[in-house]
Amino acid sequence: MKKLWLILFWMSFNAVAQFGQQQITNPLKWHTSVEKTGDDTYNLIIEADIEDGWHLYSQFNDPNGSLPIEFEWQNAKGNYEVIGKAKEINTHKAYNKVFKVTETFFSKHAKLIQPVKVLNKNLKKIDVTLYGQACKEACIQIKENFSFDLTKAKVVKASKTDKSNKTVGAVKDTDKAKKIDASKTGIVSNENPSGQTQEQPKKKQEQQSAETEQNTSIANTEKTEKDLTEGGKYTPIPVPKDSIEQVKKAENNTPVQPKKKTNWNIFWTAFIAGLLVLLTPCVFPMIPLTISFFTKQNEKSAGQGRRNALVYAISIVLIYVAFSLPFHLLEKVDSSMFNAMATNTWVNLFFFAIFILFALNLFGVEKLDPVRLIPQSWVSSADKQSSKGGILAGFFMALTLVIVSFSCTGPALGFILGSVANSAGGATTLTYAMLGFGLGIAIPFGVLAFFPVLLKKLPQSGAWLNSVKVIFGFIELAFAFKFLSNADLVNQWHFLQREVFIAIWIAITLTMAMYLFGKIRLTHDAPVETIGVFRFLFGLFTLSFALYLLPGLWGAPLNIISGFPPPMKYAESKFGVGYSKTASGSHTQQILPEGAEYGPNNIIAFEDYDTAMAYAKKVNKPLLVDFTGRACQNCRLMEENVWSKDKILPIFKNDVVLVSLFVDERTKLPEDKQYISKYTGDKVTTVGQKWSELETFKYKNNSQPLYVIENHKGQNMNEPIGYTPDVDTYYQWLKKGIENFNKQP
């Protein structure tokens, strides 16, 4: 009988212990190994087995999405150098509807191969800390310490590519990595002290094939020196309210927009751009000349003109598609190329400068004509070949058109390339875009060549062509600031914040409307005594668009252009020009509590636990603790689709005190506030680490979002709750917690 009681006691104790730990999520199992590739070069290999449904985000992930992997190299100076960025094996890309970006991530298995060069011959081991984020229905912050024993490295042959690589100083990488949010999850890496692990048999073949692949890519890693790991800056973009079905689709972090749809969207956009380019002064006058040439050929030999016209149209498409082919080769060498382009400061500044130059040229500054950059011999040679006749004549005529029309097609091509880079769609998406653009130009030429009688219905060339050119200039000017905004967001310069961006767009569209109404005239414009109906209607549309943008200065969401301006949080005033920090809007006189600011849906929110608790005691309300993250997509879904509901929002504004604790906040704690964790033994140096530790060890949870209702003694009023997209369930949870608080003596 005594043994029975002992067994029951042990089972009960074990169940309680397991219950206390069941909320600690550890979906990753880590493995490490070392390869010696030369006298002083090594490959440090980190692998992770990932539970089904979880994603670990790549070091090249879009900065507007989930947090990327970053490395902090220990004691690198004088001991070793890191060669470029770590090579990633088997990453995936998918569109994330919450952040509206294409993300790069690992699923099921992650493998990173980092080449290093040893400078100190007596060096026995290399230590590195990996930071990152893994998400499923919730997100957890990753911090893993790895130690690689160089004395136990497996000797492998290095390719010639390895030997030609330049190195990137490890100290420089370490300095950048110190900016990382080193959130404390309490997860302990399961590698052995030496960093050497037993490879599973099923992975041997993968590792052997990966060796060759990673060696050929190292030389290209310097191209991404300004990639997403630099500074790790990001600004979550608010999303429009979604239906409950779309919210449920996001529960398991499954992307809801297939890549194929994205490709066809940009195809049709580029196709329309190609059609519009036909109306420019560079292309439109060539239509009757080209068609008459094919018509005369048809008179000499039946069908010859139409055959050559068909070759001409097909050649236009092939030439534009050929522009995208080099990007396929580059993408195979560096799969993160388009991601790096989208977030690279210098690339965005380059596109900004190019678009400004194109706009000025379209406004009439002839010295900035981009055709001047093309050698005249190319044009002469192509024109000479086209006059020889035969099937090849159609191809060279198409090449001549592409070259001489670059003044007008260049801005459109720049916009397409910039759009693809910002969508991180890759070389395939660029090919779709170039195919659409080429077809947009080629189809009208082909149709008119087969049915020349339609030429009579085309309008005559005239002053209207210059007006079209100027209108394109205004559009180019507006889009230029999108690229400048990208650079500003990545670097957090805050000189092109939301209000400034919208004000610039309002100025451009108002000026464009005045031009269309004939109130403004540029150098090459003829006097405008009357305007046509179409121009008048287009002017009204442009003026209406400018008026639509105006409320954006006062905090309107501007859903039509969502994704173009900086996000709402990236503004001088979160609620627009003229709004003051008052209790429930700009029209009341109640002042915000000290330490509070406006959070989602204009809810008064604190970001410090002690300050919020003091205020909760003062107003005698329960404290609602919101463990969240800057890059937490389900947190944004809750704020946009649950907190905003009519039955939920009044509770947040009137019945509780909200404190949002960001576990990925990178702000350093003051020196006197930093401390050694009694749980992990690590030093807590950032605000995010402090809140992450609080969540992990007090509430036995390391995923976000997590919501807790507490009384003034820090006691839970009901069970904490996580991501809950069902409004009624969340409402009942809120009411129960508040009811329990009010029942207290």
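The values are calculated or read from the model by the stated rules, or taken from the named source; none is laboratory data. Computed from a predicted model, the values in this text were never measured in an experiment. Here the Cβ is made from the backbone with ideal geometry for all residues, glycine too, and neighbour counts use every protein chain on show. Ligands, DNA and RNA are excluded from the accessible area calculation, which covers all protein heavy atoms including side chains. Shrake-Rupley method; radii C 1.70, N 1.55, O 1.52, S 1.80 Å.
Relative contact order, whole percent, for region 86-132 stands at 36, derived from Cα pairs under 8 Å and 6 or more residues apart. Please work out the FRET efficiency for the pair Glu51 and Gln732, using the Cβ-Cβ distance as r and a Förster radius of 22 Å; give the result to the nearest 0.05. With a Förster radius of 22 Å, E is 0.15. For region 607-624, the residues whose backbone nitrogen is under 19 Å from a point 7 Å from the Cα of Tyr675, taken along Cα to Cβ, are 607-614.
Listed values for region 144-154 are Karplus-derived 3J(HN,Hα) couplings in whole Hz (6.51 cos²θ - 1.76 cosθ + 1.60, θ = phi - 60°), namely 10, 9, 10, 10, 9, 8, 5, 6, 10, 6, 7, and x replaces Gly and Pro.
With 0.36 nm allotted per residue and the present C-alpha distance subtracted, the Asn145-Asn265 stretch has 38.9 nm of extension available. With all protein chains kept in place, the per residue accessible area of region 589-735 amounts to 42 square angstrom at a probe of 1.4 angstrom. Over region 586-692, Cα pairs under 8 Å with separation of 6+ residues give a relative contact order of 27 percent. For the pair region 463-515 and region 687-745, the centres of their Cα atoms are 45 angstrom apart.
Contact order, relative form, for region 26-116: 36 percent (alpha carbon pairs under 8 Å, 6 or more residues apart, mean separation divided by residue count). Seen from Asn740, the other residues with C-beta closer than 15 Å to its C-beta sum to a net charge of +1, counting Lys and Arg as +1 and Asp and Glu as -1. For Lys617 and Val533, the difference between the fully extended length at 0.36 nm per residue and the C-alpha to C-alpha distance is 23.6 nm. In this rough spin-label picture, where each label sits 7 Å from Cα along the Cβ direction, the Lys457-Trp493 distance is 5.0 nm. The portion of the accessible surface of region 33-158 made up by carbon and sulfur, rounded to a whole percent, is 44 (1.4 Å probe; DNA, RNA and ligands excluded).
Computed from backbone phi, the HN-Hα couplings of region 634-648 come to 6, 5, 5, 5, 4, 5, 7, 10, 10, 4, 7, 5, 4, 7, 9 Hz, rounded to whole numbers (Karplus: 6.51 cos²θ - 1.76 cosθ + 1.60, θ = phi - 60°; Gly and Pro given as x).
Distances between placed amide hydrogens fall under 5 Å for Thr686 paired with Leu669, all partners being 5 or more residues away or on another chain. The modelled label-to-label distance between Gln715 and Leu694, using points 7 Å beyond Cα along the C-beta direction, is 2.0 nm.
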